[in-house]
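The next block holds one structure in the form of structure tokens; read it before the comments.
The values are calculated or read from the model by the stated rules, or taken from the named source; none is laboratory data. What you are looking at is a predicted structure, and each value in this text was computed from that prediction instead of being measured. So basically every Cβ, Gly included, is an ideal-geometry build from the backbone, and we count neighbours across all protein chains shown. These accessible areas exclude ligands, DNA and RNA; they are computed on the full protein's heavy atoms, side chains included. Shrake-Rupley method; radii C 1.70, N 1.55, O 1.52, S 1.80 Å.
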Amino acid sequence: MKNITVPVDFSGESLKGLDLALLFSLKTEVHIHMIHVLKYNSDEELLNQEYLSAERQFESICELYAGRLRNDSRLTYSIASGKVYEEVLNVAEADPSGIIAMST
């Protein structure tokens, strides 16, 4: 199984990275892991609201895209806070043979 990390900011462009990752599931079993990095905010209530919003959006994406997965592939997500590039690399480095799929 291949691991594919997809950074998601919920824009149409970032979801194109998810579309690219889904293409791999047509040929082989993949684990697609989406990650969203929260913007730094010292206001804990605002941070919690952003977290809950991201969680709802990920749940919708999982429902929408689950039917497009093939070959026993999986779609998961995580929400982190910090610097985007550091958090994406932390997830991707969990499996050095994995790839990062993204669009700009």
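Look at segment 20-34: where a residue is more than 18 Å from S78 (Cβ to Cβ) and in contact (Cβ under 8 Å) with a residue 24 or more places away in the chain, no partner that is open to solvent by 60 Å² or more (accessible area, probe 1.4 Å) and part of a helix (DSSP H, G or I) sits 6+ places away or on another chain with Cβ atoms under 8 Å. Taking the conditions (1) closer than 18 Å to K2 by Cα; (2) open to solvent by 40 Å² or more (accessible area, probe 1.4 Å) in turn, S81 satisfies each one other than (1). T104 passes all but one of (1) open to solvent by 80 Å² or more (accessible area, probe 1.4 Å); (2) farther than 15 Å from F10 by Cα; (3) among the polar types (S, T, N, Q); (4) in a loop (DSSP other than H, G, I, E, B); which number fails? Only one criterion in (1) open to solvent by 80 Å² or more (accessible area, probe 1.4 Å); (2) farther than 15 Å from F10 by Cα; (3) among the polar types (S, T, N, Q); (4) in a loop (DSSP other than H, G, I, E, B) is unmet by T104, namely (2). Among the candidates D95, D72, D9, which residue alone is open to solvent by less than 70 Å² (accessible area, probe 1.4 Å), touching a residue at least 12 places away in the same chain (Cβ under 8 Å) and out of contact with any Phe, Trp or Tyr (no Cβ under 9 Å at 6 or more places or on another chain)? Result: D95 is the single residue among D95, D72, D9 that is open to solvent by less than 70 Å² (accessible area, probe 1.4 Å), touching a residue at least 12 places away in the same chain (Cβ under 8 Å) and out of contact with any Phe, Trp or Tyr (no Cβ under 9 Å at 6 or more places or on another chain). Each residue in segment 63-104 was checked for being charged (D, E, K, R), under 24 Å from L47 (Cβ atoms) and over 13 Å from the mean Cα position of the chain (by Cα), and 2 pass.
Listed by first and then second residue, the pairs with beta-carbon distance under 6 Å, at least 6 apart or on different chains, first residue in segment 36-51 and open to solvent by less than 80 Å² (accessible area, probe 1.4 Å), second among the hydroxyl-bearing types (S, T, Y), are L38/S81.
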